[in-house]
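The values are calculated or read from the model by the stated rules, or taken from the named source; none is laboratory data. Model, not experiment: these values are computed from the prediction. Cβ atoms come from the backbone with ideal geometry, glycine included; neighbour counts cover every protein chain shown. Heavy atoms of the whole protein, side chains included, go into the accessibility calculation; ligands, DNA and RNA do not. Shrake-Rupley method; radii C 1.70, N 1.55, O 1.52, S 1.80 Å.
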Amino acid sequence: RGQKWIFTVKHSYPLLLREGIIPRFCVILDPRDVEGVSTHGIKRTTLFDTIHKDTIFFVASMGHPSVTKLLLSKGANVVGWHALSDATKTSPLLQNKVLMVTGGTCAALRVTSIARTIGFRDVDLYGYDFSLMQEPGDRKTAKDELGRPKYLQIQVGDKGAKRWTTGEMLAGVQDIQAIGQEIQADIRIRHHGDSLGGDSWKAEKTWTLPTMEEY
(Lines give C-alpha, C1' and ligand atoms only; values in the text may rest on other atoms or scores of the structure.)
Protein backbone atom coordinates (compact mmCIF):
# COMPACT_ATOMS: atom_id res chain seq x y z
CA ARG A 1 0.00 0.00 0.00
CA GLY A 2 2.90 2.35 0.67
CA GLN A 3 2.61 6.13 0.65
CA LYS A 4 -0.73 7.80 -0.12
CA TRP A 5 -0.70 10.44 -2.85
CA ILE A 6 -3.47 13.04 -3.01
CA PHE A 7 -5.05 14.25 -6.26
CA THR A 8 -7.33 17.27 -6.24
CA VAL A 9 -8.99 19.84 -8.51
CA LYS A 10 -8.68 23.62 -8.49
CA HIS A 11 -11.67 24.45 -6.28
CA SER A 12 -10.58 21.99 -3.58
CA TYR A 13 -6.91 22.97 -3.73
CA PRO A 14 -7.03 26.07 -1.46
CA LEU A 15 -9.40 24.31 0.95
CA LEU A 16 -6.98 21.43 1.41
CA LEU A 17 -4.02 23.77 1.88
CA ARG A 18 -5.89 25.67 4.60
CA GLU A 19 -6.37 22.36 6.44
CA GLY A 20 -2.68 21.55 6.20
CA ILE A 21 -3.19 18.90 3.51
CA ILE A 22 -0.68 19.15 0.65
CA PRO A 23 -1.99 17.64 -2.60
CA ARG A 24 0.70 16.02 -4.70
CA PHE A 25 -1.30 16.59 -7.90
CA CYS A 26 -3.91 19.12 -9.02
CA VAL A 27 -5.77 18.34 -12.26
CA ILE A 28 -7.05 21.28 -14.34
CA LEU A 29 -9.34 20.82 -17.36
CA ASP A 30 -11.18 24.16 -17.57
CA PRO A 31 -10.75 25.84 -21.02
CA ARG A 32 -11.84 29.29 -19.78
CA ASP A 33 -9.77 32.38 -18.97
CA VAL A 34 -8.35 32.31 -15.45
CA GLU A 35 -9.60 35.87 -14.88
CA GLY A 36 -13.23 34.79 -15.14
CA VAL A 37 -15.68 33.60 -12.50
CA SER A 38 -16.20 29.85 -12.07
CA THR A 39 -19.53 28.01 -12.07
CA HIS A 40 -19.25 28.09 -8.25
CA GLY A 41 -19.16 31.89 -8.28
CA ILE A 42 -15.46 32.15 -7.43
CA LYS A 43 -12.93 34.20 -9.37
CA ARG A 44 -10.54 31.56 -10.69
CA THR A 45 -7.34 33.52 -10.00
CA THR A 46 -8.09 33.39 -6.26
CA LEU A 47 -7.95 29.59 -6.35
CA PHE A 48 -4.23 29.91 -7.01
CA ASP A 49 -3.39 32.64 -4.50
CA THR A 50 -1.22 30.12 -2.66
CA ILE A 51 0.85 27.57 -4.56
CA HIS A 52 2.72 24.83 -2.71
CA LYS A 53 6.08 23.82 -4.12
CA ASP A 54 5.29 20.11 -3.74
CA THR A 55 2.16 20.18 -5.91
CA ILE A 56 2.35 19.14 -9.56
CA PHE A 57 -0.32 20.82 -11.68
CA PHE A 58 -1.61 18.67 -14.53
CA VAL A 59 -2.98 21.27 -16.97
CA ALA A 60 -4.90 20.07 -20.04
CA SER A 61 -3.59 21.32 -23.37
CA MET A 62 -7.15 22.43 -24.23
CA GLY A 63 -7.00 24.84 -21.29
CA HIS A 64 -6.73 28.60 -21.62
CA PRO A 65 -3.09 29.83 -21.82
CA SER A 66 -3.78 32.32 -19.02
CA VAL A 67 -4.06 29.44 -16.53
CA THR A 68 -0.63 28.07 -17.38
CA LYS A 69 0.92 31.54 -17.42
CA LEU A 70 -0.46 32.35 -13.97
CA LEU A 71 0.79 29.09 -12.49
CA LEU A 72 4.25 29.48 -14.01
CA SER A 73 4.46 33.08 -12.76
CA LYS A 74 3.98 31.71 -9.25
CA GLY A 75 6.70 29.11 -9.70
CA ALA A 76 4.33 26.17 -9.97
CA ASN A 77 5.42 22.80 -11.33
CA VAL A 78 3.25 22.39 -14.45
CA VAL A 79 2.83 19.23 -16.55
CA GLY A 80 0.71 19.22 -19.71
CA TRP A 81 -1.64 16.46 -20.85
CA HIS A 82 -4.07 15.96 -23.73
CA ALA A 83 -7.75 15.43 -22.90
CA LEU A 84 -9.90 13.42 -25.29
CA SER A 85 -13.21 15.20 -25.88
CA ASP A 86 -15.66 15.95 -28.67
CA ALA A 87 -13.60 19.03 -29.49
CA THR A 88 -10.34 17.08 -29.84
CA LYS A 89 -11.61 13.98 -31.67
CA THR A 90 -10.53 15.51 -34.99
CA SER A 91 -7.26 16.87 -33.64
CA PRO A 92 -4.04 16.14 -35.58
CA LEU A 93 -2.68 14.87 -32.27
CA LEU A 94 -4.71 11.69 -32.70
CA GLN A 95 -3.11 11.08 -36.08
CA ASN A 96 0.32 11.41 -34.47
CA LYS A 97 -0.57 8.75 -31.87
CA VAL A 98 -0.24 11.17 -28.97
CA LEU A 99 -1.69 9.83 -25.71
CA MET A 100 -5.16 11.29 -25.14
CA VAL A 101 -6.58 10.86 -21.65
CA THR A 102 -10.23 9.83 -21.53
CA GLY A 103 -12.65 10.39 -18.67
CA GLY A 104 -15.60 12.53 -17.66
CA THR A 105 -16.83 16.04 -18.31
CA CYS A 106 -14.99 17.56 -15.33
CA ALA A 107 -11.46 17.48 -13.94
CA ALA A 108 -12.51 15.42 -10.92
CA LEU A 109 -13.52 12.54 -13.17
CA ARG A 110 -10.33 12.78 -15.25
CA VAL A 111 -8.36 12.22 -12.04
CA THR A 112 -8.97 8.47 -12.15
CA SER A 113 -7.74 8.20 -15.75
CA ILE A 114 -4.66 10.32 -15.09
CA ALA A 115 -3.88 8.34 -11.95
CA ARG A 116 -4.06 5.10 -13.90
CA THR A 117 -1.99 6.54 -16.76
CA ILE A 118 0.91 7.46 -14.48
CA GLY A 119 0.86 4.12 -12.70
CA PHE A 120 -1.56 4.19 -9.77
CA ARG A 121 -3.69 1.09 -9.33
CA ASP A 122 -5.46 1.69 -6.00
CA VAL A 123 -7.71 4.78 -5.81
CA ASP A 124 -10.05 6.10 -3.12
CA LEU A 125 -12.54 8.84 -4.08
CA TYR A 126 -13.57 11.41 -1.47
CA GLY A 127 -15.93 14.33 -2.03
CA TYR A 128 -17.43 12.97 -5.26
CA ASP A 129 -20.88 13.90 -4.00
CA PHE A 130 -22.53 15.59 -7.01
CA SER A 131 -25.43 16.59 -4.75
CA LEU A 132 -26.27 19.52 -2.50
CA MET A 133 -25.69 19.33 1.25
CA GLN A 134 -29.15 20.81 1.84
CA GLU A 135 -32.33 21.60 -0.05
CA PRO A 136 -32.21 24.70 -2.26
CA GLY A 137 -35.17 26.17 -0.33
CA ASP A 138 -36.68 29.22 -2.03
CA ARG A 139 -34.39 28.61 -5.02
CA LYS A 140 -36.11 25.34 -5.97
CA THR A 141 -37.88 26.99 -8.91
CA ALA A 142 -34.79 28.83 -10.20
CA LYS A 143 -33.90 28.48 -13.89
CA ASP A 144 -30.51 28.19 -15.56
CA GLU A 145 -29.30 30.41 -18.42
CA LEU A 146 -31.26 28.28 -20.90
CA GLY A 147 -34.51 28.50 -18.98
CA ARG A 148 -34.37 24.95 -17.64
CA PRO A 149 -34.86 24.03 -13.96
CA LYS A 150 -31.58 24.70 -12.17
CA TYR A 151 -32.23 22.32 -9.28
CA LEU A 152 -33.35 18.71 -9.66
CA GLN A 153 -34.31 16.04 -7.13
CA ILE A 154 -32.82 12.69 -8.11
CA GLN A 155 -33.03 9.17 -6.71
CA VAL A 156 -30.70 6.34 -7.75
CA GLY A 157 -32.40 2.94 -7.58
CA ASP A 158 -35.34 1.97 -5.39
CA LYS A 159 -33.41 2.26 -2.14
CA GLY A 160 -31.45 5.43 -2.85
CA ALA A 161 -32.34 8.62 -0.98
CA LYS A 162 -33.87 11.54 -2.87
CA ARG A 163 -31.15 14.15 -3.23
CA TRP A 164 -31.01 17.63 -4.72
CA THR A 165 -28.53 18.35 -7.48
CA THR A 166 -28.00 20.55 -10.55
CA GLY A 167 -27.79 19.67 -14.22
CA GLU A 168 -24.04 20.23 -14.16
CA MET A 169 -23.53 17.91 -11.21
CA LEU A 170 -25.90 15.35 -12.70
CA ALA A 171 -23.52 15.09 -15.65
CA GLY A 172 -20.86 14.09 -13.12
CA VAL A 173 -23.11 11.30 -11.81
CA GLN A 174 -23.49 10.00 -15.36
CA ASP A 175 -19.70 10.11 -15.69
CA ILE A 176 -19.35 8.01 -12.54
CA GLN A 177 -21.65 5.41 -14.05
CA ALA A 178 -19.69 5.40 -17.30
CA ILE A 179 -16.37 5.05 -15.50
CA GLY A 180 -17.75 2.13 -13.52
CA GLN A 181 -18.90 0.38 -16.67
CA GLU A 182 -15.60 0.92 -18.46
CA ILE A 183 -13.29 0.36 -15.50
CA GLN A 184 -10.05 -1.41 -16.25
CA ALA A 185 -9.43 -4.73 -14.51
CA ASP A 186 -6.04 -3.59 -13.26
CA ILE A 187 -7.24 -0.69 -11.09
CA ARG A 188 -9.30 -0.69 -7.89
CA ILE A 189 -11.51 2.32 -7.18
CA ARG A 190 -13.49 2.84 -3.96
CA HIS A 191 -16.05 5.59 -3.49
CA HIS A 192 -16.44 7.05 0.03
CA GLY A 193 -19.38 9.10 1.25
CA ASP A 194 -23.16 9.12 1.54
CA SER A 195 -24.30 11.12 -1.48
CA LEU A 196 -25.79 10.98 -4.95
CA GLY A 197 -22.38 10.08 -6.34
CA GLY A 198 -22.00 7.33 -3.76
CA ASP A 199 -25.46 5.95 -4.48
CA SER A 200 -24.69 5.85 -8.17
CA TRP A 201 -21.34 4.13 -7.64
CA LYS A 202 -22.93 1.39 -5.51
CA ALA A 203 -26.07 0.92 -7.60
CA GLU A 204 -24.71 -1.20 -10.46
CA LYS A 205 -23.59 -4.47 -8.90
CA THR A 206 -21.81 -5.65 -12.04
CA TRP A 207 -19.05 -3.13 -11.43
CA THR A 208 -19.07 -2.60 -7.68
CA LEU A 209 -15.45 -3.09 -6.66
CA PRO A 210 -14.03 -4.72 -3.50
CA THR A 211 -14.24 -2.91 -0.16
CA MET A 212 -11.12 -2.06 1.80
CA GLU A 213 -11.68 -5.18 3.93
CA GLU A 214 -12.06 -7.41 0.87
CA TYR A 215 -8.95 -5.88 -0.65
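Values for this structure:
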| item | result |
| --- | --- |
| Cβ crowding within 10 Å averaged over residues, with 123-134, 22-33 ranked highest first | 22-33, 123-134 |
| Beta bridges per DSSP with both ends in the chain, % antiparallel, nearest 5 | 25 |
| Cα-centre dipole for the chain with unit charges at Cβ (Lys and Arg positive, Asp and Glu negative), debye to 20 | 360 |
| Rough spin-label spacing in nm, given labels placed 7 Å along Cα→Cβ, for residue 98 and residue 187 | 2.1 |
| Simple spin-label estimate for residue 38 and residue 153 in nanometres, 7 Å along Cα-Cβ | 2.9 |
| Under 23 Å from residue 43, Cα to Cα: lysines that are on another chain or at least 8 residues apart | 10, 53, 69, 74, 143, 150 |
| Potential lengthening between residue 16 and residue 135 on full extension [0.36 nm per residue; Cα-Cα distance subtracted] | 40.3 nm |
| Cα Rg, Dmax, segment 45-114, angstrom units | 13.3, 39 |
| Check: segment 15-90 dipole with +1 on Lys, Arg Cβ and -1 on Asp, Glu Cβ, in debye | 100 |
| Accessible area per residue, Å², segment 6-93 with all protein chains present, probe 1.4 Å | 52 |
| Given charges at Cβ of Lys, Arg, Asp, Glu: the chain dipole, positive-most of 155, 165, 17 | 17 |
| Rg followed by Dmax, in Å, when the chain is reduced to its Cα trace | 17.9, 52 |
| DSSP beta bridge pairing in segment 99-200, given as percent antiparallel to the nearest 5 | 50 |
| Cβ-based charge dipole, the chain, positive-most Cα from 31, 142, 85 | 31 |
| Range of Cα positions in segment 1-89 per principal axis (Å), largest first | 38, 30, 24 |
| Protection proxy ranking, peptides 4-12, 106-114, average beta carbon neighbours within 10 Å, highest first | 106-114, 4-12 |
| Label point at residue 77 placed 7 Å out along Cα→Cβ; residues across segment 8-29 whose backbone nitrogen lies under 16 Å | 8, 22-28 |
